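Everything on this sheet refers to the single structure shown next.
Only the coordinates and a few stated rules stand behind these numbers; no lab work does. Everything numeric here is computed off the predicted structure, so don't read it as measured data. Quick reminder, even Gly has a Cβ in these numbers, built from the backbone with ideal geometry, and neighbours come from all protein chains shown.
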Amino acid sequence: MSSYIVEVIGVTKVYKLSESVETWALRGIDLFVRNGEYLAIMGPSGHGKSTLLHIMGLLDRPSSGKVLIDGIDTGMLSDKELAYLRGVKIGFVFQQFNLINRMSVLENIELPLIARGVPRDKRRKLAIEALLRVEGEEGWISKRPNQLSGGQQQRVALARAIVHNPRIILADEPTGSLDSKTESEILRLFKKLNEEGRTIVLVTHDENVAREAERIVYIRDGRIIGEKV
């Protein structure tokens with residue numbers, strides 16, 4: 001059995017802008033993430049970091065190459081099967097939180113559980129537990145996301161990412177819109193989740209954020225150009 005929970009093998013991503021114009025976002029990426037690892041992917045904006053993360057998280061398909069999640073070749077799966085695997089194995093955290101303001105905090109956190117058909121009473125219990133685990137407050141559950149500060153919203157987003165107990169958490173610039181104090185608090189929570197056994201893959205352009213990880217992979221022009229342990 002492989003010790004890698006995510007395997008990216010020869011992955012390319014090409015966007016066709018017209019019949020004669022195409023943009024290469026990724027150019028032959030090989031990346032192997034160990035089970036329980038805390039990995040940072042670092043590089044300038046527009047050089048393929050987020051594209052790679054979305055492909056690793058099964059939100060997008062590569063133009064060529066393979067992505068294996070926990071030994072499963074995702075290229076062999078239908079869209080429905082990909083959605084199921086994503087819903088079981090992976091939690092996402094984004095820079096802009098991606099919370100829905102017309103829904104309450106509780107309803108936002110419950111979303112991954114609704115997709116899995118979890119009964120309402122159990123959803124509520126798991127959502128509150130997830131919020132408290134990221135040091136949120138139970139009194140937030142009836143509020144709307146736009147009634148919370150940026151740091152509070154990111155805690156809600158993190159609670160939503162872990163509510164279904166995924167083994168992998170993917171984070172795309174999760175502290176990019178936060179002040180330095182709140183950034184430190186959120187990074188401490190990522191460290192705690194990693195110590196509990198979750199695999200963390202975090203995209204950033206900030207060296208201070210990347211330094212929190214066990215390993216940093218550097219990407220430029222759609223290629224991995226080096227790494228630091």
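Mind giving me the FRET efficiency for residue 15 and residue 79? R0 is 25 Å, r the Cβ-Cβ distance, nearest 0.05 is fine. Don't skip to the answer; put the middle values down first.
Details: r = 19 Å, r/R0 = 0.77.
Here the calculated transfer efficiency is 0.85.
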Most fluctuating of 91, 28, 117 in the GNM of the chain (C-alpha, under 10 Å) is 117
Give the lysines reachable from residue 143 as a straight Cα distance under 18 Å; neighbours fewer than 8 places away on the same chain don't count.
125
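Would you kindly give the portion of the calculated P(r) for the stretch 95-165 that falls above 14 Å, as a percent of all Cα pairs? Intermediate results must be reported in sequence, preceding the final value.
On the way: 1217 of 2485 pairs.
Considering the stretch 95-165, 49 percent of its Cα-Cα pairs are separated by more than 14 Å.
Given the convex hull over the Cα atoms of the stretch 55-188, what projected area results after averaging over all orientations, in nm²? Could you put the intermediate results ahead of the total?
On the way: hull surface 34.9 nm².
Averaging across all directions leaves 8.7 nm² for the Cα convex hull.
Give me the percent of DSSP beta bridges within the chain that run antiparallel, rounded to the nearest 5.
Working: 21 of 40 bridges.
Roughly 50 percent of the DSSP beta bridges within the chain come out antiparallel.
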The stretch 96-108 - phi-based ³J(HN,Hα) in whole Hz, Karplus 6.51/-1.76/1.60, Gly and Pro as x
8, 6, 6, 8, 9, 5, 7, 10, 6, 4, 4, 5, 4
Rounded to the nearest 0.05, what FRET efficiency is calculated for residue 111 and residue 30 with R0 set to 22 Å and r the Cβ-Cβ distance?
0.10
